[in-house]
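The values are calculated or read from the model by the stated rules, or taken from the named source; none is laboratory data. Please read all numbers here as calculations on a predicted model, not as lab measurements. Cβ placement follows ideal geometry from the backbone for every residue including glycine, while neighbour counts extend to all protein chains displayed.
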Amino acid sequence: MKIRHLFLGAAAVLAAAAALVLASPAVALNGLAAVNSLRVAHALAYGSLPRQRYDLYRPASAAPPGGWPLVVFFYGGAWNRGERADYRFVGEALAARGMLVMVADYRLHPEVKYPEFLHDCAQATAHALGQARSWGADDKRIYLMGHSAGAYNVAMLALDARWLAPTGHSARELAGWIGLAGPYDFLPIKTPEVQAAFHHPNVPPDSQPLRHIAPDAAVPGVPALLIVGAKDQRIDPVRNTRGLAIALREAGTAVRLREYDGLSHETAVAALAWPLQRLAPVLDEVADFVQASAPLKTFARR
């Protein structure tokens, strides 16, 4: 009976937390964040424009020899909404697992359209690459990570050389990238707000990450971890996440695909926060990928 009561109690806590997240996502998740990291700095600039700002989260523990791994995180929001302050829970969760974390803003529609937000993300990434050592990070272990539209942004930076090249950097300087519930192959665009951000009806065909995977690439691409809810109702997980994973694998790129029945589009990132970590081991997967010296070509559904 005690075990049953404990199970029911845990389920009730999870249900209550999930309801709170749906009602007020940013407030709820940040309130649930485990405050085990030191928020090093707030509203630092990686560029001259108002939205070219970031927050930095450092682990409370001492840096390992060579420095912490560094994760640069970009949030989603259909390229027309989002604030770095809403994702404190991401910085806290990852920092508590030994990662230095940069959570960056970027310009959104209607201020800009594709590809301007990619230029911002490239500029933020270049800034992180240049500052990593001064932050106490290992500049050989820098990862890009994003959710939804943010996952699209990091996929484009990792797969398409056009964006980092003008900054004097390349994806080869990255140790890997992590996409949570990202859109990677979404033409024709049917959502009005996304159409507006991508110049509908004149959407550039090369705006799709999947278009930038060369099957006969002489050099393998940047290792990737792709996580998605198997029943994601907003972005088709089979066409987008699984399709990208298959294409990467066929091109010889190390990729991990994790599909979880218990995740929705929103909880693919919300599961980083306690106690929603019970939904799926997203945090464990990210930490394992970042800590691994050679990510494996593995596929799993749970």
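Here is the figure for the range 267-278: residues that are surrounded by fewer than 21 Cβ atoms within 10 Å (Cβ to Cβ) and closer than 19 Å to residue 256 by Cβ total 1. Filtering 248, 244, 210 for residues that are farther than 25 Å from residue 283 by Cβ, part of a helix (DSSP H, G or I) and at pLDDT 95 or above leaves a single hit, 210.
Matching residues to (1) buried (at least 24 other Cβ atoms within 10 Å of the Cβ); (2) not small (Gly, Ala, Ser):
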| position | (1), (2) |
| --- | --- |
| 112 | no, yes |
| 134 | no, no |
| 140 | no, yes |
| 145 | yes, yes |
| 148 | yes, no |
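Please find, within the range 225-266, the residue that is surrounded by the fewest Cβ atoms within 10 Å (Cβ to Cβ) out of those that are among the polar types (S, T, N, Q) and within 17 Å of the chain's Cα centre (by Cα). The residue in question is 264. If you check 162, 141 for being part of a strand (DSSP E or B) and farther than 21 Å from residue 82 by Cα, only one passes: 141.
If I ask for residues that are basic (Lys, Arg) and either modelled with pLDDT of 90 or more or closer than 21 Å to residue 108 by Cβ (or both), which ones from the range 23-64 would you list?
51, 53, 58
Here residue 112 does not fit the description of being hydrophobic (A, V, I, L, M, F, W, C), at negative phi and touching a residue at least 40 places away in the same chain (Cβ under 8 Å).
Might you check whether a residue that is closer than 30 Å to residue 205 by Cβ, modelled with pLDDT of 95 or more and assigned to a helix (DSSP H, G or I) occurs anywhere in the range 90-109? No, every residue in the range 90-109 fails to be closer than 30 Å to residue 205 by Cβ, modelled with pLDDT of 95 or more and assigned to a helix (DSSP H, G or I).
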